[in-house]
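Asks: What follows is a structure written as structure tokens; I'll ask about it next.
The values are calculated or read from the model by the stated rules, or taken from the named source; none is laboratory data. Since the structure is predicted, the reported quantities are computational estimates derived from the model, not experimental observations. Ideal geometry is used to build each Cβ from the backbone, glycine not excepted, and the neighbour counts take in all protein chains shown.
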Amino acid sequence: MDMASLSSTLLFIAFVAYLIATFLFGGAVKSSNTQTTKSFDRWGKLAITVTILGFIANIGYFITRWIAAGHAPVSNLFEFTTAFGMMVVGAFILIYFIYKTPALGLFALPIAVLIIAYASMFPTEITPLIPALKSYWLTIHVITAAMGEAILAISAVAGFIYLLKNIDLTKKSKERFWIEAVMYVLVLVVGFVVSTLSFSLADYSAEYSYISKDETEHNIEYTMPALFGMNESVAITEGALDPLIEMPPLVNAKKLTTVVWSILIGSVIYLLLRLILRKRLATVLQPLTKKSNSQLMDEIGYRSVLIGFPVFTLGALIFAMIWAHEAWSRFWGWDPKEVWALITFLFYAVFLHLRLSKGWEGKKSAWIALIGFIIIMFNLIAVNLILAGLHSYA
Amino acid sequence: MEVSKLAQSKKQRFYMRTAILAVLVVAIVFTVYSNLNKEKNAVLQVGDKAPDFVLVDMDGTERRLSDYKGQGVFLNFWGTWCKPCAKEMPAMDNQYAEFTDKGVQTLAINIGESDLKVNSFLNRYGLTFPIAIDRNKSVMESYNIDPLPTTFLVNPEGKIEKIIKGEMTEEDIANFMDQIKPS
Amino acid sequence: MDKIVCTCGNVNPAGTELCESCGRPLNDETKEKKIVDMRYEGSARRSQTYNKTIIDKVWNFFSSVKVGMWIIVAILVAAAIGTILPQVFYVPATNETDIAAYYERIYGTFGTLYYQLGLSDLYSSWWFQGLVGMLGISLVIASLDRVIPLYKSLKKQKTKRHISFLKRQRVYGIGKADVSEESLLKAEEKLKELKYNVKREGNAILAERGRFSRWGPYVNHLGLIIFLFGVMLRALPGFYVDETMWLREGETLYVPETHGYFLESKEFIYETYSKEESKEVYGEAIDRVGTIAKNYQTDVALYKGPEGAVAGHTEDLTFEKEASIQVNKPIKFDNFSVFQMDFRLDELATMTFQLQDKQTQQSFGEFTIDLADPQPIYELNDGYKVEVMDYYADFTGFEEGVPQSQSPLPNNPAFLIKMYSPEFPKGETSFVMIKETVEPLGENQHKIAFQSVETRDVSGLTVRKDLTLPLLALGGLIFMIGVAQGAYWNHRRIWIQLLEDGQTVIAAHTNKNWLSVKRDLDKVTDVAHLPKYLDQQDIDSLEEKVDKVEGV
């Protein structure tokens, strides 16, 4: 077996291990109370062991892919997002050994699984480095930044558990609405994965030609039935579906189609779940958080920001500036990705200052941690895909 | 005594705070102001010393700006492809004949074109004033030339008297040369 | 303003909440709290105490953390708005009208609005820079206002604290445990083993660890201030150079702003990944994407003019060094760096022609014109010669019979040529363009036949000097040290006291990371048999305990 396929296999093993560990942590959470420490110990130990085995396989993926590619596997959206997923697990393991809270694993691992699944929807082949990326700073900057973001993400997981536990889901409130909204968005990510996978299994492909904004003709291949057409698009593939709505040249209708399919399928899944369970998804999950200690979750939320913030600053700002100075001749150029890294930095700076003031612990702090995670995911994914800039090589 | 001590420390604090705030505000206002005017600051300004240079003209004579101290220098930057440049050239030639004895030198600096092109140009227009080619664009860089034509009036003290961007009429040229005539 | 004299006799500055010495709450508000606010040790921040003159008011405004946070939020929101559409410096247009037209053409009405509101150049607007400046002021004042009182009160703190202070700590326990002198000694020993700094005063122990982490925030603020100061310095002339230059292969040009350096381009190299030569694993990606760039490189030679040479001086250049400028690998000299940023491939460099008989196509000789330096005469064999009368680098057509060139770049070269031959000693005139010839003075017998071209590449280079970098690096370093100091260490204090009524009190405080201080306390309690403590903020555990007591 060559390195590249060994690498894929290891990633798959890690993926499955994280799924299994999620259920094991579920078992640990259920049995974790003072009477049944032994059973908790058994489930908890098993869960963390499986997680660590998965993590080792994941690192194996990383190293083998590094060897196969000849550069650190953080050079495109698939690689970077996968590395981020892996580091979320790493950050979870770190925090788990400090605080020994199985509930954290129950929620952190599915997030990591979702991130890796999401990553795999992008082109996964090994790409050679373009000149701008040929620098050892690629390795240093991206890995440190991703590590920082992963640790910060744990803060959001802790915040999420805190909120699930402490929001009264029996009464109508803004909080109840928004926590359910978070659940819905998570299901949409599942929707993206399901829709991409099913169309690719069905081998769907249709080619269209279109006129771009600089008034030249290009071809584009859709891998999902075209809901939206590119500007003045004409089908090349025979029998291809005529797009329902044609978009102006500014809008990338292919990406829009992907987004809308994900929302459609995600919403269907969400509605099905609601119909089957006859409960809000938040309500379904709430019992799993009953046994976690709010004070502890609050502290984990704060502590992971404390641990992650310096790492993030070092990787996403300082190393980034040093590299930008070598590659683009200036250490700062207001490129959207740079700006969003700065926004992330400022946001967590506000978080840390707020923790000093009274009354900003608990729920408020947890919500802010969740918003911080949204900003990170926005910078990780949306900035590359939506906003034009120097980082849109993926 | 306690009271007067307290009053004094209060006064001290007031001065301290005023000083710190003043320093910070002045520094920031200065920074913002000069950043807003960065483009203007980057180029030479009226009153600056005209950067010295040396070029060999089409007749093979070395022309060094500092050699003309005590005389006015009418310094024109141009290119053969630039239509307004071509238009003002004959007028410049006329005024060159007029002012050269009055202590105003004229020098036209071409931006890095070939000898052949510049020669054919000056033959076509029958130009008599000194023309030099800035082959490695160093004179152009030190004068921050943009756009063409740009004309610098250098007074007898070697300072920039005026910067004219764009085309001039013959009347303009006469006035400008008169302006830098040594008294 | 009045000083506050505590029952213990310590004189505290006005505005103090907890006595600097014994810790007693000094006002009613503080007395009512179940857990005291230990943020600045209850010390008086100077800003809050004097509020008379306008200067004091401005000072207090910037001293507030709340105001500082709002400034950060404002910067954050503004920065985000600036990413909605590309900023002007990423727009392929240089003058105002073109830029405005670009925003309208690509982004429609929204683009126009965005441009007109100045959001397209948001980061260099006066108000955005002003906001960053205000953040700077806030950093200076807020830090000054806090670090001094905090330093004083941490220095003044007594080992023996009043019970009213201890019972308002988050971690607190009291009980009639069997604590003797011996167990106090044991506690002391254990705390020392846990790397605490232990002080003893009668029946009171104060164990303290990691106090230096309290300075972390101020250290990192100092780093930020130095960084912002460095950014400010670039506004001064001479600190910062940012220029671009286009350099053709074979050309030697003055490097802008460097006062005497010249660069010669030996060669520009553009490489892409080919399936044959690169790693096998790249094959799939190359198939999918098509061309993937591998290398942009300009091989240059650097020269320096003589000392004190003025502009225009092209002789006596001394060779300094050769280098290959690649992306990520600039050439560096004398505080300057020159970066590979852009390129244009295949600009025409030379053109080779033959003088031919139009009918028989018999050649009378070949000549090559260097487009950067065409010669007036090209001598051929047997009395044949060619005279180049004029050259139009970027030919666009005739205006009133006169050929026009719109730029000095050889985009569309054309020549006015005279062909001399034994048959025509006075010459035949021909206007030679690419793929076309005009014979302005009647039918010719000879023609200029195009043979081949050679091209050269043009490198787009950026010249940069930034003397503020060392200062920025220093600021960044100090910031990182400060952040790490504040985030990875924490200030833990444990108080143990034997009260006169025989009860033992333990209390603990940390600025962050409560888990660690509780663990430390557990270890000490184990060896010294101290009373159980409660986390007065841990409502879940408190409820659980209440449940148990009530037997639910």
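Asks: Condition (residue is small (Gly, Ala, Ser), at positive phi and assigned to a loop (DSSP other than H, G, I, E, B)) applied to the stretch A:32-47: is it met by at least one residue?
Replies: Within the stretch A:32-47, not a single residue is small (Gly, Ala, Ser), at positive phi and assigned to a loop (DSSP other than H, G, I, E, B).
Asks: Also, quick follow-up: Has the stretch A:338-351 got at least one residue that is among the small types (Gly, Ala, Ser), part of a helix (DSSP H, G or I) and over 18 Å from the mean Cα position of the chain (by Cα)?
Replies: For the stretch A:338-351, residues among the small types (Gly, Ala, Ser), part of a helix (DSSP H, G or I) and over 18 Å from the mean Cα position of the chain (by Cα): present.
Asks: Which members of the stretch B:69-101 meet the condition of being surrounded by fewer than 21 Cβ atoms within 10 Å (Cβ to Cβ) and either without any contact (Cβ under 8 Å) to a residue 40 or more places away in the chain or farther than 25 Å from B:LEU44 by Cβ (or both)?
Replies: Within the stretch B:69-101, B:LYS83, B:ALA86, B:PRO90, B:ASP93, B:ASN94, B:ALA97, B:GLU98, B:THR100, B:ASP101 meet the criteria.
Asks: Tally time: how many residues in the stretch A:114-140 are part of a helix (DSSP H, G or I), touching a residue at least 60 places away in the same chain (Cβ under 8 Å) and aliphatic (A, V, I, L, M)?
Replies: Within the stretch A:114-140, residues that are part of a helix (DSSP H, G or I), touching a residue at least 60 places away in the same chain (Cβ under 8 Å) and aliphatic (A, V, I, L, M) number 7.
Asks: Among what's in the stretch B:139-176 and is in contact with a Ser or Thr (Cβ under 8 Å, 6 or more places away or on another chain) and buried (at least 19 other Cβ atoms within 10 Å of the Cβ), pick the residue that is nearest to B:GLY47 (Cα to Cα).
Replies: So, considering only residues that are in contact with a Ser or Thr (Cβ under 8 Å, 6 or more places away or on another chain) and buried (at least 19 other Cβ atoms within 10 Å of the Cβ), the one nearest to B:GLY47 (Cα to Cα) is B:TYR143.
Asks: For the stretch B:135-158, does any single residue satisfy the condition of being away from chain C (no Cβ under 12 Å), of a type in the set (Gly, Ala, Ser), under 16 Å from the mean Cα position of the chain (by Cα) and at positive phi?
Replies: Yes - at least one qualifying residue is present in the stretch B:135-158.
Asks: Additional query: Are any of the residues in the stretch A:74-90 in the same structural domain as A:PRO128 (by TED's automatic domain parsing), under 22 Å from the mean Cα position of the chain (by Cα) and over 22 Å from A:VAL142 (Cα atoms)?
Replies: No: the stretch A:74-90 contains no residue that is in the same structural domain as A:PRO128 (by TED's automatic domain parsing), under 22 Å from the mean Cα position of the chain (by Cα) and over 22 Å from A:VAL142 (Cα atoms).
Asks: Can A:ILE143 be described as within 16 Å of the chain's Cα centre (by Cα), more than 14 Å from every other protein chain (Cβ to nearest Cβ) and in contact (Cβ under 8 Å) with a residue 60 or more places away in the chain?
Replies: Taking the combined requirement at face value, the residue satisfies it.
Asks: For the stretch C:474-508, give me each residue that is away from chain A (no Cβ under 14 Å), surrounded by fewer than 24 Cβ atoms within 10 Å (Cβ to Cβ) and modelled with pLDDT of 90 or more.
Replies: C:ARG493, C:TRP495
Asks: Looking only at residues that are outside any strand (DSSP E or B) and among the acidic types (Asp, Glu) in the stretch C:389-431, which one is modelled with the highest pLDDT?
Replies: Only one residue fits best here, namely C:GLU423.
Asks: Looking at the stretch C:283-361, what strands (runs of 3 or more DSSP E) fall wholly within it and have at least 2 residues that are more than 12 Å from every other protein chain (Cβ to nearest Cβ), surrounded by fewer than 18 Cβ atoms within 10 Å (Cβ to Cβ) and not polar (S, T, N, Q)?
Replies: Here the list reads C:293-304, C:318-326, C:336-357.
Asks: List pairs: first residue in the stretch A:340-360 and at the interface with chain C (Cβ under 7 Å from one of its Cβ atoms) and closer than 28 Å to C:VAL36 by Cα, second residue surrounded by fewer than 17 Cβ atoms within 10 Å (Cβ to Cβ) and of a type in the set (Asp, Glu) anywhere in the structure, Cβ distance under 7 angstrom, at least six positions apart or on different chains.
Replies: Correct list of pairs: A:LYS358/C:ASP37.
Asks: Something else now. Which one of C:SER153, C:SER138 is among the polar types (S, T, N, Q) and under 26 Å from C:VAL36 (Cα atoms)?
Replies: Matching residue, one of C:SER153, C:SER138: C:SER153.
Asks: Being of a type outside the set (Lys, Arg), touching a Phe, Trp or Tyr at 6+ places or on another chain (Cβ under 8 Å) and within 11 Å of chain A (Cβ to nearest Cβ) narrows it down to one residue among C:ILE75, C:ILE55, C:ILE81, C:ILE35; which is it?
Replies: Answer to the check: C:ILE75.
Asks: Being more than 21 Å from C:THR350 (Cα to Cα), more than 12 Å from chain B (Cβ to nearest Cβ) and out of contact with any strand residue (DSSP E or B) (no Cβ under 9 Å at 6 or more places or on another chain) is true for just one of C:GLY401, C:GLY427, C:GLY383. Which residue is that?
Replies: C:GLY401
Matching residues to (1) buried (at least 21 other Cβ atoms within 10 Å of the Cβ); (2) outside the structural domain of A:MET87 (by TED's automatic domain parsing); (3) touching a helix residue (DSSP H, G or I) at 6+ places or on another chain (Cβ under 6 Å); (4) closer than 30 Å to C:VAL91 by Cβ:
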{"site": "A:PHE319", "(1), (2), (3), (4)": "no, no, yes, yes"}
{"site": "A:PRO336", "(1), (2), (3), (4)": "yes, no, yes, yes"}
{"site": "A:VAL339", "(1), (2), (3), (4)": "yes, no, yes, yes"}
{"site": "A:LEU352", "(1), (2), (3), (4)": "no, no, no, no"}
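Asks: Please work out if C:ILE269 is crowded, with 18+ Cβ neighbours inside 10 Å, β-branched (Val, Ile, Thr) and either over 23 Å from A:ALA327 (Cβ atoms) or more than 14 Å from chain B (Cβ to nearest Cβ) (or both).
Replies: no
Asks: Could you tell me which of the residues B:LEU44, B:LEU24 is at pLDDT below 85, farther than 26 Å from B:PHE121 by Cβ and hydrophobic (A, V, I, L, M, F, W, C)?
Replies: Sole residue among the options that is at pLDDT below 85, farther than 26 Å from B:PHE121 by Cβ and hydrophobic (A, V, I, L, M, F, W, C): B:LEU44.
Asks: Of the numbered conditions (1) touching a residue at least 40 places away in the same chain (Cβ under 8 Å); (2) buried (at least 20 other Cβ atoms within 10 Å of the Cβ), B:GLU113 satisfies every one except a single condition; which is it?
Replies: For B:GLU113, the exception is condition (1).
Asks: Does C:LYS518 meet the test of being among the charged types (D, E, K, R), within 14 Å of another protein chain (Cβ to nearest Cβ) and surrounded by fewer than 21 Cβ atoms within 10 Å (Cβ to Cβ)?
Replies: The answer is yes for C:LYS518.
Asks: Taking the stretch C:59-113, which residues are free of Cβ contacts under 8 Å to residues at least 60 places away in the same chain, among the polar types (S, T, N, Q) and surrounded by 15 or more Cβ atoms within 10 Å (Cβ to Cβ)?
Replies: Within the stretch C:59-113, C:ASN60, C:THR83, C:GLN87, C:THR112 meet the criteria.
Asks: Do we find that A:ILE111 is outside any loop (DSSP other than H, G, I, E, B), within 27 Å of A:PRO287 (Cβ to Cβ) and within 14 Å of another protein chain (Cβ to nearest Cβ) in this structure?
Replies: no
Asks: With modelled with pLDDT under 90, crowded, with 20+ Cβ neighbours inside 10 Å and either closer than 28 Å to C:PRO376 by Cα or not acidic (Asp, Glu) (or both) as the only criterion, which of B:ARG124, B:ARG135 stands out?
Replies: B:ARG135 is the lone residue from the list that is modelled with pLDDT under 90, crowded, with 20+ Cβ neighbours inside 10 Å and either closer than 28 Å to C:PRO376 by Cα or not acidic (Asp, Glu) (or both).
Asks: Restricting the search to the stretch C:115-158, which residues are among the charged types (D, E, K, R) and either within 12 Å of chain B (Cβ to nearest Cβ) or in contact (Cβ under 8 Å) with a residue 60 or more places away in the chain (or both)?
Replies: C:ASP121, C:ASP145, C:ARG146, C:LYS152, C:LYS156, C:LYS158
Conditions (1) touching a residue at least 60 places away in the same chain (Cβ under 8 Å); (2) in a loop (DSSP other than H, G, I, E, B); (3) farther than 25 Å from A:GLN286 by Cα, marked per residue:
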| site | (1), (2), (3) |
| --- | --- |
| A:PHE55 | no, no, yes |
| A:TYR61 | no, no, yes |
| A:SER75 | yes, yes, yes |
| A:PHE80 | yes, no, yes |
| A:ALA91 | yes, no, no |
| A:PHE97 | no, no, no |
| A:LEU104 | yes, no, no |
